[in-house]
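Input: a single structure, listed below in structure tokens.
Read-outs: derived from the displayed coordinates by stated rules, not from any lab. Worth saying up front: this structure is predicted, and the values here are computed from it rather than measured. With ideal geometry, Cβ positions are generated from the backbone for all residues, glycine too; neighbour counts draw on all protein chains shown.
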Amino acid sequence: MPTSIDTDALTGLGLTRQTQTQAAAPDELGQEEFFKLMIAQLRNQDPFSPMESGEFLGQIAQFGTVSGIEEVRSALVGLTAAMSANQTMQAAGLVDREALVPSREAWLPPEGEIRGAVEIPAGTSSAIVGIYDLNGGLVATRALDVGGDAPGEFTWDGMTDEGEPAPSGYYELRASGDLGGSNTSLDVLVAGRVESVSLQDAGGTITLTVTGLGQINLTDIRRVS
């Protein structure tokens with residue numbers, strides 16, 4: 001015998017067609033509505049085929065699980081927003097400071113210099129950085145300190161190995177070192193002043209505008225001084 005729910009029962013529960021139409025805006029079934037429907041189902045079930053207790057408890061458990069997942073999701077959204085706001089505030093403190101960013105190219109300003117560092121692996125006995133023009137011609141070389149207080153740091157004042165001033169513009173940086181008797185390519189970090197900080201999207205991607213390097217993701221910054 002099929003289960004039927006009369007209109008008087010629905011009217012008593014405030015769930016008539018008119019009421020449902022008025023309250024149909026949200027696509028969510030709240031806890032109050034859920035239990036109202038459960039009571040209506042119990043009152044109007046077939047007495048010859050009543051709902052099993054396991055089925056009844058299963059529906060309650062299912063509702064509780066969905067409700068709990070929604071609460072966890074809301075808590076995670078709030079936590080993510082708080083962490084993003086905190087990270088943005090911390091990143092704002094980097095403005096006007098110097099950041100080291102992995103880069104193969106660097107900008108030489110007029111009458112300026114290029115500063116940076118080379119990541120020196122343990123066991124490196126010697127290392128150099130070469131400055132090349134965009135045509136691949138070697139302009140200058142700098143020997144690197146591999147064991148001092150500031151290993152791998154370098155400054156190029158814009159003078160070529162022939163003692164002539166190089167024109168301003170972009171230059172390629174290549175570094176190598178003697179690691180266990182083998183000539184090994186090394187990673188170069190270029191220094192630039194942080195001009196501004198911005199939040200690119202709702203996902204919380206923070207980018208820094210660095211002089212001579214453009215927009216850099218916060219996660220790509222290796223060192224700040």
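Near PRO167: Cβ cut-off under 12 Å, other residues only, Lys/Arg at +1 and Asp/Glu at -1. The net charge is -3. Pairwise Cα distances in the range 97-225 exceed 20 Å in 47 percent of cases. Derived scalar couplings between HN and Hα for the range 111-118 equal 6, x, 8, 10, 10, x, 7, 10 Hz in order, rounded to whole Hz, by the Karplus curve 6.51 cos²θ - 1.76 cosθ + 1.60 (θ = phi - 60°), x for Gly and Pro. For the range 180-197, the Karplus equation 6.51 cos²θ - 1.76 cosθ + 1.60, evaluated at θ = phi - 60°, returns couplings of x, x, 10, 6, 10, 6, 10, 7, 10, 10, 10, 8, x, 7, 6, 8, 7, 10 Hz by residue, with Gly and Pro reported as x. Couplings 3J(HN,Hα) of the range 206-219, computed from phi: 9, 10, 10, 8, 10, 4, x, 10, x, 8, 10, 5, 4, 5 Hz, in residue order, whole Hz [Karplus 6.51 cos²θ - 1.76 cosθ + 1.60, θ = phi - 60°; x for Gly and Pro]. Packing order of peptides 147-157, 185-195, 104-114, highest average first: 185-195, 104-114, 147-157 (average count of other Cβ atoms within 10 Å over each peptide's residues).
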